[in-house]
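A.B. asks: Pasting a structure here, questions to come.
Derivation of every value follows stated rules applied to the coordinates shown; laboratory data play no part. Here the structure is a predicted model, which means the values were calculated and not measured. Cβ coordinates were reconstructed from backbone atoms using ideal geometry, including for glycine residues, and neighbour counts include every protein chain displayed.
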């Protein structure tokens, strides 16, 4: 499916319009990368989907940062009384990075990032299919530094491989989503990380 240059937030709204009156909410497995990025997506999606969260982010470096982002997210969900299950997995940054090392010198936003997106999204799709979810999606498109075109293209391609699980098209930064998330982050005094997460962006952050 060709997804280039689509308004993915409009695609999401079409989906919401089609499911909002269903007696049973569709089951959505939603990939999260941190608490701040999941603020607006959960506000938009919780009324219409039965959501389980998946935190499969061995790209994050170091381990202390991985744990901090996870714990910050869980604490925020508890404050909001979301009562959401968060599925986690063993941290394995060393093996995760083997596919990324050939692209270590590339700047953020290029092939290394696309490979990283695909690794995590395919893992999520596989889990979603094994556990009979209707949809799989991610909150990452709320970030100004994540290419929504790339993420949705990859998600669309993977949905064809992991049918009948459908990809949740979205671009949560649209409609001032990113700016609204900043207000929530400030209100809840949330930890707001200063680099993407991987060891390559971490090294660049340290140089600054």
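A.B. asks: How much length would be gained if the chain were fully extended between residue 175 and residue 10, taking 0.36 nm per residue of separation minus their Cα-Cα distance, in nm to one decimal?
C.D. replies: 58.4 nm
A.B. asks: Helix-only estimate, please: 222 nm mean residue ellipticity of the chain, summing -39500 (n - 2.57) across DSSP H runs of length 4 or more and dividing by its residues, to the nearest 500.
C.D. replies: Counting only the DSSP helices, I get -14500 deg cm²/dmol.
A.B. asks: Report the rotationally averaged projected area of the range 1-116 based on its alpha-carbon convex hull, in square nanometres.
C.D. replies: 9.2
A.B. asks: Ranked highest first by average number of other Cβ atoms within 10 Å, how do 123-129, 61-67 line up?
C.D. replies: Listed from highest to lowest mean packing, they are 123-129, 61-67.
A.B. asks: In nanometres, what is the gap between the two model label sites at residue 19 and residue 114, each 7 Å from Cα along Cα-to-Cβ?
C.D. replies: 2.8
A.B. asks: Tell me, what is the percent relative contact order of the chain, built from C-alpha pairs under 8 Å that lie six or more residues apart?
C.D. replies: 30
A.B. asks: Counting pairs of alpha carbon atoms under 8 Å apart in space and at least six apart in sequence, what relative contact order in percent does the range 24-125 give?
C.D. replies: Relative contact order, the range 24-125: 30 percent.
A.B. asks: Moving on. Compute the semi-axes of the equivalent ellipsoid of the range 121-208, taking the square root of 5 times each eigenvalue of the Cα gyration tensor, and list them largest first in whole Å.
C.D. replies: Here the semi-axes work out to 28, 17, 13 Å.
A.B. asks: Give the peptides 24-34, 141-151 in descending order of average Cβ contacts within 10 Å, highest first.
C.D. replies: 24-34, 141-151
A.B. asks: Would you list the P(r) distribution for the range 71-110, with all Cα-Cα distances sorted into 5 Å bins from 0 and each bin expressed as a whole %?
C.D. replies: Taking every Cα pair in the range 71-110, the percentages come to 6, 16, 16, 12, 11, 15, 13, 9, 2.
A.B. asks: When a/c is below 1.5 the answer is rounded, else prolate if a/b is larger than b/c, else oblate, so apply that to the range 44-94 with a ≥ b ≥ c taken from the square roots of the Cα gyration tensor eigenvalues.
C.D. replies: prolate
A.B. asks: To continue, here is another question. By its C-alpha gyration tensor, with a ≥ b ≥ c as the square roots of the eigenvalues, how is the range 57-208 shaped: rounded for a/c under 1.5, else prolate for a/b larger than b/c, else oblate? Mind showing how you got there, number by number?
C.D. replies: Working: a/c = 1.35, a/b = 1.03, b/c = 1.30.
Rounded, since a/c falls under 1.5.
A.B. asks: Mind checking the full-extension length gain between residue 206 and residue 184? Use 0.36 nm per residue of separation minus the Cα-Cα distance, one decimal, nm. Don't skip to the answer; put the middle values down first.
C.D. replies: Values: separation 22, 0.36 × 22 = 7.92 nm, distance 2.71 nm.
Full extension from residue 206 to residue 184 adds 5.2 nm.
A.B. asks: Order 158-170, 97-109 from most to least packed using the mean count of other Cβ atoms within 10 Å.
C.D. replies: Going by the mean number of other Cβ atoms within 10 Å, highest first, we get 158-170, 97-109.
A.B. asks: Another one. Run through the DSSP bridge list for the range 1-125 and note the antiparallel percent, rounded to the nearest 5.
C.D. replies: 0
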